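What follows draws every value from the coordinates through simple rules; no lab data is involved. Just so we're clear, the structure is a prediction, and the values are computed from it rather than from any experiment. Using ideal geometry, Cβ is built from the backbone for each residue, glycine included, and neighbour counts are taken over all protein chains shown.
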Amino acid sequence: MIERLSSTSLRALPASVETPRYDRATVTPGIVHLGVGAFHRAHQADYVEQCLAAGETGWGIIGASLQSASTRDALEPQDGLYTLAIRGSGGEKLRVIGSILSVFVAPQDPARLLRALTDPRVRIVTLTITEKAYLRNSVGDLDTAHSAIVADLANPSTPRSAHGYLVEALARRRAAGTQPFTILSCDNLPANGQTLHRLLVQFAGLRDPDLAAHVKSVSCPSSMVDRIVPATTDADRDRVSQTLGLRDAWPVMTEPFSQWVIEDDFPAGRPQWEKFGVEMVRDVRPFEEMKLRLLNGAHSSIAYLGLLAGHDTVAKSFGDPAIRRFVTALWREAEATLPKDAGLDTRSYVAALTERFDNTALAHRTAQIANDGSQKLPQRIVGSALDRLDSGKEANHLMLAVAAWIRAAELRGKELPTGLFTDPLDAGLEAIAASGLPAADTTAAVFDAAGFAGRSVHRARLQDLVARHLEMLRREGLAAALASLDGENL
Ligand code: CS2
């Protein structure tokens, strides 16, 4: 059997594969990361790898999974090592990353994660826990009725939620006289740091007002993260292992492009990320909004339209001329909502996106992006539409993306496979689909369930646009719905 990738087998790798350029034995932990999935391993762990290689050895990463054991099971026998496969038009480049010192599964041993979080050497906690793990209610406040929050308030020393871990660790650090860590959210949420800060203060306030005041003083900078990371397939595992000559149970696939913009507010110190291309700024909001509305908004649209048209990858969906025309028009709608005075170069950004979505070396599945639409569409699509209506403009393309989501969701178990993609609101969405309502009633019920447009005065107008598209999608299909938009004056 082929030997496993590990610290000892590393020496046997072919010269074409990059390996850690530092002595891993000298690295100490400085960062705890919550949600150590493929995105983190393709993005932050790669930046930290470069800092370690430059001699900043105090910033090794301890990774924790808040749910599944799969990353730990793959990485533990490999001493935390894994391969990053960077795939573009120039072929595939392999780099073995060593910045993750250990990975463990929080629910199996909550005390271990609390020990790591209270280690005085740990000065930053980063998170990629996905939108839904922020546990917000429909108005964006902490969902105090959520079972994890209820449990964490009842048993603070065995937390389940990120909120429970962070607040308990901050309380223990304060009691021990240890400086608080800086908390850096790396999820695709607008003002991700401020949002998390608000939720943590709300959570701490339910434990003790004095603790809330302490949490309020903790720094939570916002950040914009960007790198496309398709889920690894068995074919990827086999191909990479063959090139390595060693078995890697979980290599991570990504593109050459990578971007990270961070608000520079780290009272307990930070690695010198800016030496490796990270943009340290005062206010990340304009970058974040551009990324969420142009990249992620287009991504979700390409996913739902692609699923309706039978395309299984982003490159195939975006390669469909009718969908490409639609996305180009959607970009024009969204672009007009971005701040004009923030120095954003939206034209080059869109040109780069076009190239990235056309990358056929990445098989980025439309079904992967389709997950969790109810959590993603507010900041990717609905926000742009509300801004457009505010300034007296139409939002017809944006609202077709929402209608395509609803249509794709209701076709699951019919023309699309059951479970092709999932959503935290699935129980409600399935009940709505099963009741066979007219498009207007379906749309109203979905807006209620997902909290789209909240109490905005434009909500009825948005619902109306979505309902008209949904009606067309149901009656005549995607091609007709797209054709009805062609030639519309933006
Ligand atoms: C994608 C993102 O799955 C999705 O929802 O839109 O993960 C996207 O690939 C990243 O945000 C790119 O940085």
Here the averaged projected area of segment 83-168, based on the convex hull of its alpha-carbon atoms and given in nm², is 8.5 nm²
Tilt, helix 44-53 to longest principal axis of the chain (alpha-carbon atoms), in degrees rounded to tens, equals 30 degrees
hull vol. (C-alpha, convex hull) per residue for segment 10-281, Å³ -> 130 Å³
With the label point 7 Å along the Cα-to-beta-carbon line of residue 391 and a cut-off under 18 Å to each amide N, the hits in segment 327-370 are 329-350
The extension gain from residue 16 to residue 457, computed as 0.36 nm times the residue separation minus the Cα-Cα distance, is 152.9 nm
Here the FRET efficiency for residue 23 versus residue 144, based on Cβ atoms and R0 = 35 Å and rounded to 0.05, is 0.15
Nearest 10, in degrees from 0 to 90: the angle of helix 162-176 to the longest Cα principal axis of the chain is 30 degrees
A student applying the Cα gyration tensor rule (rounded when a/c is under 1.5; otherwise prolate if a/b is larger than b/c, oblate if not) would label segment 285-483 oblate
Expressed in nanometres to one decimal, the distance between label points 7 Å along Cα→Cβ at residue 175 and residue 434 is 4.7 nm
Sites removed, the longest contiguous part of the chain containing no DSSP-loop GluC sites (Glu not before Pro) with at most 15 other Cβ within 10 Å is 4-414
At the level of C-alpha centres, the distance separating segment 291-312 and segment 367-385, in angstrom, is 9 Å
So the number of lysine pairs in the chain with alpha-carbon atoms under 17 angstrom apart, 8 or more residues apart or on different chains, is 4
Mean projected area, convex hull of alpha-carbon positions in the chain, reported to one decimal in nm², is 23.0 nm²
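How much length is gained on full extension from residue 157 to residue 480, taking 0.36 nm per residue of separation minus their Cα-Cα distance?
The residue 157-residue 480 span can extend by a further 110.6 nm.
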In segment 339-393, the trypsin sites (Lys or Arg not before Pro) that sit in a DSSP loop and have at most 11 other Cβ atoms within 10 Å of their own Cβ are 340
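Between residue 352 and residue 418, what length in nm is gained on full extension when 0.36 nm per residue of separation is reduced by their alpha carbon distance?
Full-extension gain reported as 20.3 nm.
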The helix 297-309 Cα axis meets the longest alpha-carbon principal axis of the chain at an angle in degrees, between 0 and 90 and rounded to 10, of 60 degrees
Taking only the alpha-carbon positions of segment 230-358 as identical scatterers, the Debye log10 I(q)/I(0) at q = 0.13, 0.16 Å⁻¹ comes out as -0.74, -0.97
